[in-house]
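To keep things clear, I will list the structure first and then write my remarks on it.
The values are calculated or read from the model by the stated rules, or taken from the named source; none is laboratory data. For clarity, every value in this text was computed on a predicted model and none was experimentally measured. All Cβ positions, even for glycine, are placed from backbone atoms using ideal geometry, and neighbour counts span all protein chains on display.
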Amino acid sequence: MTTTSNDAKGTAYKLFLIGALLLLNFTLVLAIGFAISANSFQREIETIEVQVTLLEKSLSETSSKIERAVVETNDMINEIFESLENVATVSQTSLNIPPLDTSFKGYMDYRTITCRTSAQYALQQKAYTDELGLRKIGEFYCVALGTYYTPECGAKFKIVTDEGNEFCAIVADIKADCHTDSKNMYVPLPDGSANVVEFIVDTPAMERRVVLLGDISGYEQFSGNIVKIERI
């Protein structure tokens with residue numbers, strides 16, 4: 001009986017040892033699994049950190065490119081505005097005047113413009129005769145200029161004389177190049193002077209003395225040598 005009891009105790013002890021070993025092995029397996037998982041998690045974190053770093057670098061480069069593009073665009077806009085300002089400046093720059101006596105200002109009657117399909121004729125349909133017998137469109141006197149100043153009708157100018165007179169004019173006729181000097185600035189006169197500006201008029205409405213004089217400078221407000229022709 002004692003022997004049997006001892007055998008049973010031995011068997012139970014062996015089973016306990018086996019169970020303890022199994023538990024220990026299981027614990028080791030779990031610990032190893034956790035360690036592996038922790039290492040994998042750490043590697044994942046490191047991978048994410050690398051990706052975040054790359055993304056930040058990419059965003060920084062993109063931001064720099066956007067900033068450069070904005071700067072370049074602003075530069076282009078500034079250049080455009082400068083160009084427009086230069087064009088405006090050029091359009092208002094005084095043009096050359098021949099170094100001659102330019103006090104004579106001839107005239108032509110508007111009825112001599114007979115081509116109904118011409119720009120000159122169309123402008124006269126908009127013009128009216130003022131109290132001096134001069135043709136005007138709005139506040140602009142109708143004049144003829146050489147092609148040096150403009151090749152087209154409709155251009156507007158401010159004209160100033162050395163006697164302090166100034167007036168605004170619209171080109172309502174073009175002087176033929178064959179009638180002007182080599183630069184097409186003026187019509188040469190027999191006395192060596194220059195007729196730069198020719199007014200377009202309604203002859204019957206003009207003062208008789210000015211008609212006989214043949215020179216619009218007979219009206220005091222237009223007298224004097226031309227010292228400035230400025231496009232406006």
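Quick notes on this one:
- All of Ala169, Ala144 fail the test of being among the aliphatic types (A, V, I, L, M) and touching a residue at least 40 places away in the same chain (Cβ under 8 Å), apart from Ala144.
- Single match in Ile200, Ile170, Ile216, Ile229 (criterion: crowded, with 21+ Cβ neighbours inside 10 Å, at pLDDT 95 or above, farther than 18 Å from Ile113 by Cα and touching a helix residue (DSSP H, G or I) at 6+ places or on another chain (Cβ under 9 Å)): Ile216
- Of all residues in region 128-143, those satisfying the criterion of being surrounded by 14 or more Cβ atoms within 10 Å (Cβ to Cβ) and among the hydroxyl-bearing types (Ser, Thr, Tyr) are Thr129, Tyr141.
- Selection count, region 152-165, where residues are more than 27 Å from the chain's Cα centre (by Cα) and without any contact (Cβ under 8 Å) to a residue 60 or more places away in the chain: 1
- Residue among Cys153, Cys178, Cys115 that is assigned to a loop (DSSP other than H, G, I, E, B), surrounded by fewer than 16 Cβ atoms within 10 Å (Cβ to Cβ) and modelled with pLDDT of 95 or more: Cys115
Residue-wise test of (1) over 18 Å from Ile216 (Cα atoms); (2) among the hydrophobic types (A, V, I, L, M, F, W, C); (3) at pLDDT 95 or above.
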site	(1), (2), (3)
Thr93	yes, no, no
Pro99	yes, no, yes
Phe104	no, yes, yes
Asp109	no, no, yes
Tyr121	yes, no, yes
Gln125	yes, no, yes
Asp130	no, no, yes
Glu139	no, no, yes
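- Filter result for the condition that a residue is in contact with a Leu (Cβ under 8 Å, 6 or more places away or on another chain), of a type in the set (Lys, Arg) and closer than 22 Å to Phe222 by Cβ, over Lys175, Lys156: Lys175
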